[in-house]
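Q: My questions all concern the structure below.
Derivation of every value follows stated rules applied to the coordinates shown; laboratory data play no part. This structure is a prediction, so every number in the text was calculated from the model and none was measured. We place every Cβ from the backbone using ideal geometry, glycine too, and count neighbours over all the protein chains shown.
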Amino acid sequence: MMGTKARRAITGLIIALGLCAPAMAQELNVSVASRKALGITTTPVVADASVEGASAFGTVVAPPGHSHPVTSPFDAVLLEPLAIPGMRVEAGAPLARLYSPEYEMVRADLESQRLTSEHMAILADRDKELRSLGLRSTAEADEAEHEAKSAALIYAANKSKLGAIRPASGSGRFDLLATASGIVTELAVEAGAPVGVSEPLFSIFDGQGFWLDVALPERIANSVSLGSTVTLPGRSETGTVVAIDPRVDPLFQSVRIKISLPGGLSWRLGQLVDLSLETPSQGMALVVPARALVRINGTDFIFVETESGFKLVRVDVLARSREQIVLTGDVQAGEQVAISGLAALKNLAEGV
């Protein structure tokens, strides 16, 4: 977002250069000298009949079930990470050393809880037998059984907590263990920071599958179906559409889809990947650089050159990649569109 000082500076320059831009006008008067001062350059709109399908790009993400969070069973403090993002670990390997007074208490009480659980189970069995002989009431036997189950649950819960860690040297210290084998992709806090119980501290990705997360314009998404083939430029392998969000983003009027990527290739989480979707033919496509697009009040526009300056033209984006957008609107092939100095033009269009 442009800061207040920058906006005022642009406004001052516009006034000094004698630019005229009524708030509601679509025609922006910009002289040749003003264009140079504001750094405005243009490029022609290209008609391209060779555009096949819908070009887009997506971000590589982990499919559901392939990313495993690792949490601390106690409120603790991270003393030292023993693994960092990018390291490969095996299940059960130590990831971090933590300190928690609660850990020491649970560890000390565990044997007592085990004995209590076994004792309560014996008492419950005895009361059950006595009830069959008429020497205990049903209520007394049920109460003994309830107490035995409660003791067993407490012991099992604390035993499970201690099963995810191992003792470390020093009172209250323990090592947090990996819950799965894979690549560490996230470490949530730094050494010395508090770690909340059950809050993800590490994330481990098993690398057994990769998806692309893509946002498509609604009209393009409507022509895509589950199982559609996705072409990946420069690769012979193809991807497959595996999920289409039924909701439309109200701001960008886009739909998110997920694409399963082919295995055996080098993918990285967060990587941007270009793609092409098989869609019904759009005929002759109008293509402009992606940087020509501006968004005003949730609507897409481009600035088309006129004899006296520029006009603001609303467009519909049919497809986009990181470098280009395919669009429709009141624009013709060969017309010049602005690709730099857009901040100043946008301020003019908004009536700054």
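Q: With springs only between Cα atoms under 10 Å apart, run a GNM on the chain and tell me which of Pro250, Pro94, Pro85 wobbles the most.
A: Pro250
Q: Using amide H atoms built in the peptide plane, which far-off residues or other-chain residues are under 5 Å from Thr71 H to H?
A: Residues meeting the amide H criterion: Leu201.
Q: Assuming R0 = 30 Å, can you tell me the calculated FRET efficiency for the pair Asp274 and Asp249, based on Cβ-Cβ distance, to the nearest 0.05?
A: Working: r = 21 Å, r/R0 = 0.70.
Using R0 = 30 Å, I get an efficiency of 0.90.
Q: Can you give the FRET efficiency to the nearest 0.05 for Val46 and Ser169, using r as the Cβ-Cβ distance and R₀ = 56 Å?
A: With R0 = 56 Å, the Cβ-Cβ based efficiency is 0.25.
Q: Follow-up. Going 7 Å from the Cα of Phe57 in the Cα-to-Cβ direction, what parts of segment 179-216 have a backbone nitrogen less than 19 Å from that spot?
A: Within reach of a label on Phe57, which here means backbone N under 19 Å from a point 7 Å along Cα→Cβ, segment 179-216 contributes 211-216.
Q: Quick one: pull the percentage of alpha-carbon pairs in segment 253-352 with a separation above 24 Å.
A: Result: 35 percent of Cα pairs exceed 24 Å.
Q: Now for a different question. For segment 161-220 and segment 305-335, what is the separation of their C-alpha centers, rounded to whole Å?
A: Taking the Cα centre of each part, segment 161-220 and segment 305-335 sit 45 Å apart.
Q: Cα to Cα, under 19 Å, and not fewer than 8 places away if on the same chain: which lysines meet these conditions relative to Lys346?
A: Lys5, Lys36, Lys311
Q: Could I ask something else about it? So if each residue of separation counts as 0.36 nm, and I subtract the Cα-Cα distance between Ser236 and Ser308, what length gain in nm does that give?
A: The Ser236-Ser308 span can extend by a further 21.1 nm.
Q: As a test of the formula, what do you get for the chain when each DSSP H run with n ≥ 4 contributes -39,500 (n - 2.57) and the sum is divided by the residue count, at 222 nm and rounded to the nearest 500 deg cm²/dmol?
A: Dividing the helical sum by the residues of the chain leaves -8500 deg cm²/dmol.
Q: Please work out, to two decimal places, the log10 of the ratio I(q)/I(0) at q = 0.30 Å⁻¹ from a Debye calculation in which every Cα of segment 85-129 carries one identical scatterer.
A: -1.00
Q: If each Cα of the chain is one equal point scatterer, what is log10 of I(q)/I(0) from the Debye formula at q = 0.08, 0.11, 0.16 Å⁻¹?
A: Log10 I(q)/I(0), no solvent term: -0.67, -0.91, -1.21.
Q: Of Arg136, Arg219, Arg322, which is the most mobile in a GNM of the chain whose springs link Cα atoms less than 10 angstrom apart?
A: Largest GNM mean-square fluctuation: Arg136.
Q: Which residue, Thr116, Thr299, Thr138, has the most motion in a Gaussian network model of the chain that connects Cα atoms within less than 10 Å?
A: Thr138
Q: Here's another thing I want to ask about it. Sticking with the crude label model, points 7 Å out along Cα→Cβ, report the distance from Ser181 to Leu265 in nm, one decimal please.
A: 2.6
Q: Quick one: go through segment 74-109 and flag any residue whose amide nitrogen is under 13 Å from the point 7 Å out along the Cα-to-Cβ line of Ala188.
A: 74-78
Q: If amide hydrogens are placed 1.01 Å from N in the peptide plane, which non-local residues have theirs closer than 5 Å to the one on Met87?
A: Close amide H contacts, sequence-distant or interchain: Val184.
Q: Placing +1 at every Lys and Arg Cβ and -1 at every Asp and Glu Cβ, with all other atoms neutral, what dipole size does segment 239-311 have around its Cα centre, in debye to the nearest 20?
A: 280
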